[in-house]
1. Please list the equivalent ellipsoid semi-axes of the range 111-240, computed as the square roots of five times the alpha-carbon gyration tensor eigenvalues, in descending order and whole angstrom.
2. For a paramagnetic label modelled at 7 Å from the Cα of R245 toward its Cβ, which residues of the range 321-335 fall within the zone defined by backbone nitrogen distances under 16 Å?
3. From the phi of every residue in the range 84-96, what ³J(HN,Hα) in whole Hz does the Karplus formula 6.51 cos²θ - 1.76 cosθ + 1.60 yield, where θ is phi - 60° and glycine or proline is x?
4. Report, in whole Å, the centroid distance computed from the Cα atoms of the range 238-264 and the range 418-484.
5. Contour minus end-to-end for S283 and T84, with contour as 0.36 nm per residue of separation and end-to-end as the Cα-Cα distance?
6. What is the order of L440, L518, L236, fewest Cβ neighbours within 10 Å to most?
7. Per residue of the range 109-126, what does 6.51 cos²θ - 1.76 cosθ + 1.60 with θ = phi - 60° give for ³J(HN,Hα)? Whole Hz please, x for Gly and Pro, Karplus curve as stated.
8. So for S378, S283, fewest C-beta neighbours within 10 Å to most, what's the order?
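Rule-based calculations on the coordinates, nothing more; no lab input. Note that the coordinates shown come from a computational prediction; the quantities given were computed from them, not determined experimentally. All Cβ positions, glycine included, derive from the backbone under ideal geometry; neighbour counts span all protein chains shown.
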Amino acid sequence: MYVEREKSAGEAISQERRDAHQNDKRILGHVVKCDGARATIAAFADTLDGEVTRQWTVGKMISINLGETRTVGLVYGIGKADATWHADQQNPIEVHVELIGEVRDSDGSKPTFDRGITAYPHIGAIAHRIRSRDLSAVYDLAGRRTVVVGHLSQDETIDACIAIDDVLGRHFAVVGTTGVGKSTAVSLLLRKSIEARPDLRVLILDPHNEFASSLPDYSVRVDSNTLDLPFWLFRLEELAEVIFRGRELVPEELDLLRDLIPLAKNMYRTPIGSANLRRGTDSLTADTPLPYRMADVIKMIDERMGLLDGKTDRPVLRTLRTRIESAVTDPRYRFMFGSRMIEDTIHQTIGNIFRVPHNGRPVTCLEMAGMPSEVVNSVCSVLARLAFDLALLSEGKFRLLVLCEEAHRYMPADPRLGFAPTRHAMSRIAKEGRKYGCFLGVVTQRPGELDPTILSQCSTVFAMRLANEQDQAIIRSAIADSSASTLSFLSSMGQREAIAFGEGVATTMRLKFEHLPLQFIPGNGKRHADDLDASDGGEIDLVQLVERLRNVPRAQPALGFVEPADPQKQPGDPGYRKAPLPELVARASVPEPAPKGATAELPSTASNEGGFGLRPRPLWKR
Ligand SMILES: Nc1ncnc2c1ncn2[C@@H]1O[C@H](COP(=O)(O)OP(=O)(O)OP(=O)(O)O)[C@@H](O)[C@H]1O
Ligand SMILES: [Mg+2]
């Protein structure tokens with residue numbers, strides 16, 4: 001064991017506390033060179049008997065005794081000047097260390113660590129293993145609220161503590177190549193954060209549907225079937241992303257929408273009497289989150305098409321109409337256009353997604369696997385924007401962490417890529433969110449592809465193994481303090497291992513995250529099921545696969561009757577849907593309307609009847 005253990009605290013410091021039979025040269029070295037930041041220590045790689053000691057290895061901390069103080073160094077290089085091995089004599093080696101600070105003993109109490117160095121090591125100063133008390137002092141968080149997330153890589157008996165308020169409050173990033181344990185580490189961090197701060201809410205943008213199974217007791221799952229985000233909550237550019245399906249916008253059509261949406265909002269607010277329809281819209285914009293009916297927008301388009309002087313606009317009006325209709329009837333956009341009634345459900349929507357009240361489950365996992373990219377773009381933008389605004393307006397009562405897994409997708413380094421509103425909403429949280437209690441956590445395997453301003457706003461970074469040279473360089477440039485050589489280990493770290501640096505830790509710390517049981521590993525439920533299926537040797541159900549590929553939902557019985565919802569709970573909460581009454585099940589399951597396959601009825605059109613009045617028009621009327 002590399003760390004020298006002490007039994008009694010507060011004992012006088014002496015470098016000579018070695019077993020009497022041990023030879024000096026066996027465990028100690030002497031400083032032979034020192035500049036302002038680094039030192040070289042001369043030592044031996046083996047004993048007089050020829051046994052290789054393995055005392056000195058890269059990545060370990062050592063201390064250099066200077067009497068009053070002990071300079072702490074990190075071994076970053078080790079070698080033998082002549083690059084040959086002599087079996088018949090002792091082999092001298094050079095150990096290169098980076099000086100990271102000094103420890104001093106305050107009277108009677110535990111040692112304290114300081115990053116600055118007041119006394120530099122002299123030539124001949126004795127270097128030795130660091131004591132565990134000194135090592136603890138190096139990582140001591142000086143009274144800040146701490147949580148333990150694992151142990152030090154160097155010494156398993158010392159807890160790796162992070163200052164949770166600083167990690168959350170000043171944003172954090174977890175980076176590392178695929179499969180090193182980023183998601184698992186995040187799940188662990190979330191678990192600890194919620195335990196430490198029960199007022200915290202978390203929104204996970206989860207592109208692989210992994211997290212809900214790893215936080216079963218804290219989370220609710222929202223996927224494209226259970227998401228309810230009415231289209232009128234979208235800003236114009238977000239709505240346009242969906243209506244234009246992520247393709248380039250047509251300015252004339254966008255201008256039309258910009259004109260018509262405020263009118264439709266006004267119509268909704270003052271439904272009776274057409275005289276004042278076009279009045280009083282001054283305070284309304286296409287971005288105001290007020291309900292309106294798409295049917296009204298279509299009606300106004302139809303009216304304009306019918307006008308005699310509107311001939312030149314007709315093609316634009318017609319394409320816009322077609323676009324809106326096809327978006328409204330697209331089953332993939334049911335979460336936006338699917339409500340039967342257009343009602344002001346903003347409280348319910350916000351309550352559901354942002355867990356107010358949270359009923360003991362403060363985490364929302366927004367499962368986005370399988371959602372079309374334009375939907376992901378818009379939904380992330382709407383939610384990030386709402387998150388910030390809610391935190392801002394709640395005056396500190398609402399504390400929310402937005403966790404972006406695969407963050408380089410929404411916030412790419414290349415400004416031409418990605419969806420501008422999402423990028424703006426996220427960078428607003430990154431830049432100003434902490435003042436209002438809206439925090440950002442980013443997880444990425446490609447820090448080089450992530451917007452550098454976002455990464456620079458993350459004050460605590462957990463860097464796991466990174467193989468790519470460019471990614472390593474980015475992390476290296478993000479480390480302000482002198483322990484940059486720690487990062488030379490980035491390419492060779494083991495699973496669960498990370499280098500943590502920034503505000504949330506006292507000193508750059510190499511740690512190993514706690515081992516989590518299988519059921520708490522993100523995505524494990526899915527993988528486990530996959531494994532089971534594969535081991536069954538079961539046939540692949542091609543019909544089902546193709547159905548999924550076509551993304552046409554099966555015709556559903558009237559779920560509202562079959563599964564009454566508990567009014568005290570929110571969608572996603574366990575027990576939200578009560579067990580269906582047997583007679584209702586029987587009634588609902590009698591007619592199986594359409595045969596399997598592409599001809600299945602689209603429930604969205606049927607269910608629109610109440611609210612939009614948007615039924616596919618007969619062809620001869622188009
Ligand atoms: N703390 C841990 N405890 C136990 N097992 C772990 C831990 N961290 C990682 N693992 C193991 O490593 C595997 C990969 O971890 P994880 O899915 O978190 O990696 P990742 O970095 O998120 O990968 P990807 O980039 O592909 O999403 C897990 O399935 C698990 O077996
Ligand atoms: Mg992952």
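1. Details: eigenvalues 359, 56, 45 Å².
Semi-axes, largest first: 42, 17, 15 Å.
2. In the range 321-335, the label zone of R245 (backbone N under 16 Å from the point 7 Å along Cα→Cβ) covers 321-334.
3. Here the 3J(HN,Hα) series is 9, 10, 10, 6, 8, 8, 6, 9, x, 10, 10, 10, 9 Hz.
4. The distance from the Cα centre of the range 238-264 to that of the range 418-484 comes to 32 Å.
5. Working: separation 199, 0.36 × 199 = 71.64 nm, distance 8.17 nm.
That works out to 63.5 nm of additional length.
6. Details: L440 30, L518 9, L236 17.
With the sparsest Cβ surroundings first, the list reads L518, L236, L440.
7. 9, 6, x, 10, 10, 9, 5, x, 10, 8, 10, 8, x, 8, 5, x, 4, 7
8. On the way: S378 29, S283 8.
In order of increasing Cβ crowding within 10 Å: S283, S378.
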